[in-house]
Amino acid sequence: MLKSRIAFAVLILACACSLLPTVYMADISLRDSTDSFSPVLIAGHPTLANYAAVLAHGEFLGFFVNSLVIAVATVLLTLVCAGCLAYAISRLKVRGGTTILLVAMSALLLPLASLLIPITILLRTIGLTNSWGGLVGPETALGIAFSTVIIKGAMDGIPTELEEAAVIDGAGSLTVLLRVVAPLVRPALLVVAVWQFLFSWNEFFLALVIMTKNSVKTLPLAPLFFEGPYMTDPGKLFAILTLIGIAPMVLYAVLQRWFVSGLMAGAVKG
């Protein structure tokens with residue numbers, strides 16, 4: 001009993017320490033220009049003026065729309081590609097499936113910085129720089145390996161009798177995947193969706209290199225865009241950072257229960 005209480009207290013302390021920078025960031029975003037440099041953790045007289053000024057800026061809304069469209073498109077494309085690949089390897093037992101999976105997973109060993117130059121050259125060659133597709137494609141490719149492992153692990157635990165019954169009723173492979181397998185691995189699909197959304201939403205280096213026009217830049221690049229006019233007003237810069245972090249925090253807070261259960265389900269086998 002005492003050990004559990006000590007462990008709980010340690011976890012509470014660790015959680016408080018990890019949340020401290022976030023609380024401080026949100027606090028500075030609520031200060032006016034006169035209190036922005038005050039060396040205290042919680043300043044008095046909070047105000048939403050910084051948020052109003054940022055949201056009134058037309059470019060910020062454009063950054064938000066770009067990030068949302070790219071993140072949603074990346075999630076959908078990753079689910080389709082990883083789901084089909086996992087089904088082919090786990091259930092159809094295609095020849096060389098394990099080798100294909102290992103080759104895809106080898107991409108996880110490469111740091112993103114080493115891929116920036118070849119990705120940029122490829123996108124310039126096919127004319128996809130400064131476009132939504134220029135980010136959707138690479139982000140999807142980078143997420144397929146991890147997503148396939150999670151989905152395949154969940155599919156490996158499905159009894160084959162369910163698919164055999166569907167085949168006897170005349171269902172094809174695509175019908176079995178969509179109507180039998182996909183509903184059973186929904187927690188794993190949710191894990192992939194949340195994980196890929198967070199990766200796409202927070203991605204910085206690819207967006208910095210590929211998106212050079214303001215009209216197509218994403219939210220992680222917003223602080224760089226506003227760094228000039230707001231250099232002497234950290235309250236507005238921290239308001240931008242807080243707005244960038246709200247969406248993933250809310251998404252994970254709402255779905256964390258299913259996210260954790262789906263992650264455990266996808267890690268049982270494979």
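The values are calculated or read from the model by the stated rules, or taken from the named source; none is laboratory data. Being a predicted model, the structure only gives us computed values, none of them experimental. In this analysis, Cβ positions are derived from the backbone assuming ideal geometry, glycine residues included, and neighbour counts consider all displayed protein chains.
Just a few scattered comments:
- Meets criteria (surrounded by fewer than 20 Cβ atoms within 10 Å (Cβ to Cβ), touching a helix residue (DSSP H, G or I) at 6+ places or on another chain (Cβ under 9 Å) and not β-branched (Val, Ile, Thr)) for Ser215: yes
- Some residue of the range 130-149 being more than 24 Å from Thr99 (Cβ to Cβ) and free of Cβ contacts under 8 Å to residues at least 24 places away in the same chain: yes
- Residue within the range 74-82 that is surrounded by 18 or more Cβ atoms within 10 Å (Cβ to Cβ), in contact with an Asp or Glu (Cβ under 6 Å, 6 or more places away or on another chain) and in a helix (DSSP H, G or I) present: yes
- Qualifying residue in the range 158-168 (condition: surrounded by fewer than 16 Cβ atoms within 10 Å (Cβ to Cβ) and closer than 30 Å to Leu109 by Cα): yes
- Test: residue in the range 244-253 that is under 22 Å from the mean Cα position of the chain (by Cα), surrounded by fewer than 19 Cβ atoms within 10 Å (Cβ to Cβ) and part of a loop (DSSP other than H, G, I, E, B): no
- Within the range 151-166, tally of residues that are farther than 23 Å from Leu190 by Cβ and assigned to a loop (DSSP other than H, G, I, E, B): 0
- Comparison of Thr129, Thr140 shows that the only residue that is farther than 16 Å from Cys81 by Cα, among the β-branched types (Val, Ile, Thr) and surrounded by 15 or more Cβ atoms within 10 Å (Cβ to Cβ) is Thr129.
- Test: residue in the range 167-181 that is in a helix (DSSP H, G or I) and in contact with a Gly (Cβ under 8 Å, 6 or more places away or on another chain): yes
So that you can scan it fast, the table gives a plain yes or no per residue for (1) over 22 Å from Ser114 (Cβ atoms); (2) surrounded by 15 or more Cβ atoms within 10 Å (Cβ to Cβ):
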site	(1), (2)
Leu178	yes, no
Val185	yes, yes
Val191	yes, yes
Trp201	yes, yes
Leu208	no, yes
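- Of residues in the range 111-125 being assigned to a helix (DSSP H, G or I) and loosely packed, with under 11 Cβ neighbours inside 10 Å, the one modelled with the lowest pLDDT: Ala113
- Test for Leu108: is it within 20 Å of the chain's Cα centre (by Cα), modelled with pLDDT of 85 or more and not basic (Lys, Arg): no
- The range 46-73: number of residues that are in contact with a Lys or Arg (Cβ under 8 Å, 6 or more places away or on another chain), more than 30 Å from Leu128 (Cα to Cα) and in a helix (DSSP H, G or I): 2
- For Ile126, the stated conditions do not hold, so it cannot be described as under 25 Å from Ala182 (Cβ atoms) and among the hydrophobic types (A, V, I, L, M, F, W, C).
- The listed residue being within 16 Å of the chain's Cα centre (by Cα), assigned to a helix (DSSP H, G or I) and touching a residue at least 12 places away in the same chain (Cβ under 8 Å), out of Ala222, Ala188, Ala239: Ala188
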